[in-house]
Structures are given as C-alpha cells and as structure tokens.
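Asks: Structure incoming, see below.
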Amino acid sequence: MSENPFEAIRKACDSFGKCFQTHLSRILPARCEDHLDKPSSVAGNSKTSSFSFFTASNPKVVNDAALLTPDVVAHLPYTNIALEKKITAAPLTKEELGRATWTLLHTVAAQFPDIPTRQQKRDVKELMAILSRIYPCKECADHFKEVLKSNPVQAGSQAELSQWICHVHNIVNRSLGKQIFPCQRVNARWGKLDCLDRSCDLQGSTNLNFPV
Ligand code: FAD
C-alpha cells in the first residue's frame, strides 16, 4: 500500500528539524568564541585577571559574570573548570560590596509595608545596627555607626524608611565626594520587586497587618 501523504510531510519536517539542530549546535559555540580572546595564559600567569579570557574590546562581557550562563560556559573552547574557578575566586572590591549592600537596603525599603508591624520596625533597626558592627569594611562600618547616631532609623512606613535610607546613603555619598541623589526619585530608582503571589513580601506582612 502507498504511504500516507501526511506521513511523508511529517518525515520531511523531522529531518529538517534534525538538520537545523545540527547546524545550530555548530554555530552556537562559534558565536561564543566570537566573544573570547584566546587566554594569554590559562593558568600559570598569576597576573592574569579573572576575566582575561574575554576581549578588551568587549568590556560588557568582561565585567558581567552573569552572562556566563551554564550554556555559554559549556560551549567555551578552553578549560571551563579553570575559568569557573577564576570567576569564583575573583575578590570583591569595596565598591562592589557597597553597591550590593545599598541594593539590599533600598530594596528592603521598597518592599517595606506601608503599615509595618512593631517587629518589622524592630527588625530594620536591628539590621542597621548589626550592619554598623559587622560590615566587612572597618572604615565604612565606623562611619555608618556615626551616621546612625545622628540619624536614628525612621521606619514608621514604607515611604519613611525609603526616604531615610536615601538620606543616609546621601550622607555617605557626600563624605566620598559623590553626587547627591534626589530622594524624591527614590521610588523610580528602587521600585518594588516584580514577584508573583506576594512571594517577595517581608516576613510577617499579611493583609491582616495591624498597625502598632
Ligand atoms: P553606590 O553609592 O553604591 O550606589 C549604588 C546606586 O544607588 C547608584 O548607582 C545610584 O543609582 C543609587 N543611589 C546613589 N545614591 C542614592 C541615594 N542616596 N538613594 C537612593 N539611591 C541612590 N565606601 C567608602 O569608601 N567609605 C565608606 O565609609 C563607606 N561607607 C559605606 C557605608 C555603607 C552602609 C555602605 C552600604 C557602603 C559604604 N561605602 C563606603 C561604599 C560606598 O557607599 C559605595 O557603595 C561605593 O563607593 C560604590 O559607589 P557607587 O558610586 O558605585 O554607587
């Protein structure tokens, strides 16, 4: 009996799909290599910077380890293990730590409830006090202690906390000769997180949140 004509079409589609995948898998590693310089030395040269695998002409890639998704790393032509070790071993700078910490603090403020519980207010105050003791930069921690003394935490509401953090961040900015951030724009810079089902709510935030 002759073959069903639809079966022939299905087979043709199958074989086109396989062919497409094969070619794609050849193209992808090549495209990753486009972003990469051959390492001046994979190991051995202790002065090689963490991201020396990447071209200086593509600094965005150099500075953004997040672009190294497992998929990209899997296609790297050089010793992936050595590369991954170098990335994780790269020491964090004081500036990177600062940016990460301010991100956390401004984000906590953005997520803070309009009507916080007594516990939530206490938590924020403790967080700042703890930060001023264990922040892993002595100069910064000591300075922050002084800042807290003259600017006690204001955590009566979301708006109050985000303005307070903006204000103390500006005190640090000023001491470092940085630009002052306009605090009326803090919500535009640090908006609420985009989370489903209130999964980014702070601990203890419910619809039955009673004012204190
Ligand atoms: P950051 O100051 O880290 O700011 C990150 C981003 O926040 C900016 O790009 C901007 O978009 C936004 N932003 C800036 N200002 C505000 C604001 N007022 N409100 C809202 N958003 C704002 N470093 C030192 O060298 N000496 C110190 O004593 C010191 N103390 C610190 C104390 C604390 C508690 C922290 C968290 C950090 C401290 N740092 C200190 C680090 C310093 O504040 C910076 O984080 C670091 O210098 C990097 O600065 P940056 O210019 O990249 O931006």
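The values are calculated or read from the model by the stated rules, or taken from the named source; none is laboratory data. Remember, it's a predicted structure, so these values are computed and weren't measured experimentally. Here Cβ is always computed from backbone atoms with ideal geometry, including for glycine, and neighbour counts include all displayed protein chains. These area figures cover heavy atoms from the full protein model, side chains too; ligands, DNA and RNA do not enter into them. Shrake-Rupley method; radii C 1.70, N 1.55, O 1.52, S 1.80 Å.
Asks: Out of the range 134-176, which residues are more than 8 Å from the ligand (Cβ to nearest atom), exposed (fewer than 11 other Cβ atoms within 10 Å of the Cβ) and within 25 Å of the chain's Cα centre (by Cα)?
Replies: Result: I134, P136, K138.
So that you can scan it fast, the table gives a plain yes or no per residue for (1) open to solvent by less than 30 Å² (accessible area, probe 1.4 Å); (2) on the phi > 0 side of the Ramachandran plot; (3) within 12 Å of the ligand (Cβ to nearest atom); (4) out of contact with any Gly (no Cβ under 8 Å at 6 or more places or on another chain):
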residue	(1), (2), (3), (4)
A90	no, no, no, yes
W102	no, no, yes, yes
P113	yes, no, no, yes
Q120	yes, no, no, no
D123	no, no, no, yes
L127	no, no, yes, yes
I130	no, no, yes, yes
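Asks: Now a separate question. Limited to the range 179-197, what total is found for residues that are more than 8 Å from the ligand (Cβ to nearest atom), open to solvent by less than 100 Å² (accessible area, probe 1.4 Å) and in contact (Cβ under 8 Å) with a residue 12 or more places away in the chain?
Replies: 3
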